[in-house]
Amino acid sequence: MVEQKMKHTLFIMLLISFTLLSAQNALSVNGSNEAKFIYRTVEDSLHTYFNDTFGFNLAYRNFSFGMKFIAELPKYSTEQTELLDELDANRLELGWQELYASYEKDACKIYAGITEESFGNGIVFRSYKDLEFDVDNRLESVLFSYNDAFKFKAIYGAIENPAITGKYDLAYGADVQSPYFQGLSLGASAMAFRNLLATNIYNQRTVFAGRLNYASKYVDFQAETAFSELYHQPGIGTKNGKAIYVNGSYYFGPVTLGGAYKQYDKFQYRLNDLPAVNYHNETLSDASATGEDEIGYQGFGTVNITDYLNFTADYAEAWNSDKNKKMNDAYIALEYVKDSFSLLASYSHIEKIDDISNSWQQDLIPALQTNFALLKIPVQIQAEYKKVSKQRQEAESEHFEPKLQTDFTLGKLSLSLCAQSNWEDISEILDSRYWASAQIKYPLFEHSDIILFGGKEAGGKVCRNGVCRYVAPFEGLRFELNTRF
């Protein structure tokens, strides 16, 4: 109740400020509204979902302010386990959220409110929102920063506990980076995290890290190492963790060569973002997040064969300390680009082995993509033929997932047509499942777009930020109206 009154008071103050400053030439306002209506046509499921986000930013001289009105009535989730059979009162939310205010002068900035920020490569700390996974890991914090040749950040904030509604976890720390000579800079970070346990006691994780960045005409190099200590956990001793990440590239003429290395041990927590160190952003195991126990390397390179033709290759391997979990990830591509025509042929290979559960899986994905003009109409065609092989205990399975998508533009109208299927053998092509869909995008006004989607989507595994999830299949209609001002 107190929080709601504070938001109402802040909103009234904003209206008064806007009225007083509206005559000033230095005042600027911008924002957007994103509305989405979904009708899901699956049996034994809630059919209608609605989400709207209206946000704006106000800037006057060195000050800026912003907030959003968010309505989720309810919001549609791509997470299979979060789909509803019936309307749930606990999933209906609306109100003013994501407030922020800031003051910036010269190299100094003070910021308070919902925060997206990271220290270094994000290994130690990253406050972010993942739109694809619909995961919000943003702090509500106070942030002070100094951004010049010498850089400094200090943050103190809170984030709602994922398991206990209405209770908050704390995070606070600082980051510094300084140049030493041309191209070289050194940095250090220190963070503390206090997470509320089910026993109503806060544990504590302290993290310290150092990093090196070097950039020149021929070389880019980054290295970061971090150590953590987790304690204040009843009945559990202190847990120490570490992370090492190295990434470098060398450029000479038409050739680029590079590599990366990772070593993570007990270093997975909510407010960090560990590089996966492979092309497809895959985890070592689908059953666990990146950071618990893994070591790996990656090698990559590109060659500009001619002005129009280039070749890319990328290979990575990873394993845990006992070497009973292993994975490899490969990608090769040949691309031709000239004027409005392009052709990309690629091949992806992802393989994971888990000796503990006696399981193995492999994805092989040859693909083609081309862009060209047909009677002055821009056209893009994408095709892939994915083969998925799995083994668990004595059971083995194999199936194919072909996909064909065509995008083209007719004046202001953009149209996308897609067809996917799933069959175990080419002889079953006529009896297999098919998912067909179409999407239309049209600029209704100068600053407004409407998007209409109809059909079926297969769903499946998506990997991002060191986590793999299986998103729900979709069948129905989606209508979106996006406005900018």
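Bear in mind that the values in this text are calculations on the coordinates, not laboratory data. Note that this is a predicted model, so its numbers are computed, not measured. Quick reminder, even Gly has a Cβ in these numbers, built from the backbone with ideal geometry, and neighbours come from all protein chains shown.
Legend: residue pairs 36/68; 68/441; 323/390; 36/441, Cα-Cα distance threshold 18 Å; pairs beyond threshold, 68/441; 323/390. For segment 335-349, backbone phi angles converted through the Karplus equation (6.51, -1.76, 1.60; θ = phi - 60°) give residue-by-residue couplings of 10, 10, 9, 8, 6, 8, 9, 8, 9, 10, 10, 9, 9, 10, 9 Hz, Gly and Pro being listed as x. Taking 21 Å as the limit for the C-alpha separation, the pairs 239/326; 338/386; 129/352; 129/151; 262/387; 338/376 exceed it in the case of 239/326; 338/386; 129/352; 129/151; 262/387.
For the listed peptides 292-298, 121-127, 318-324, a ranking on the average number of other beta carbons within 10 Å per residue, highest first, reads 121-127, 292-298, 318-324.
Could you grab the relative contact order for segment 200-314? Cα pairs under 8 Å, six or more apart, rounded to a whole percent. Computed value for segment 200-314: 19 percent relative contact order. Net charge of the neighbourhood of residue 157, taken over other residues with C-beta under 11 Å away and scored Lys/Arg +1, Asp/Glu -1, is -2. Working note: 222 nm ellipticity from helices only, DSSP H runs with n ≥ 4, each -39,500 (n - 2.57), summed and divided by the residues of the chain, gives -1500 deg cm²/dmol to the nearest 500. Among 285, 357, 77, sorting on how many other beta-carbon atoms sit within 10 Å of each Cβ, with the fewest leading, yields 357, 77, 285.
Working ranking of peptides 247-260, 135-148, 270-283 by packing, defined as the average number of other Cβ atoms within 10 Å per residue, highest first, is 270-283, 135-148, 247-260.
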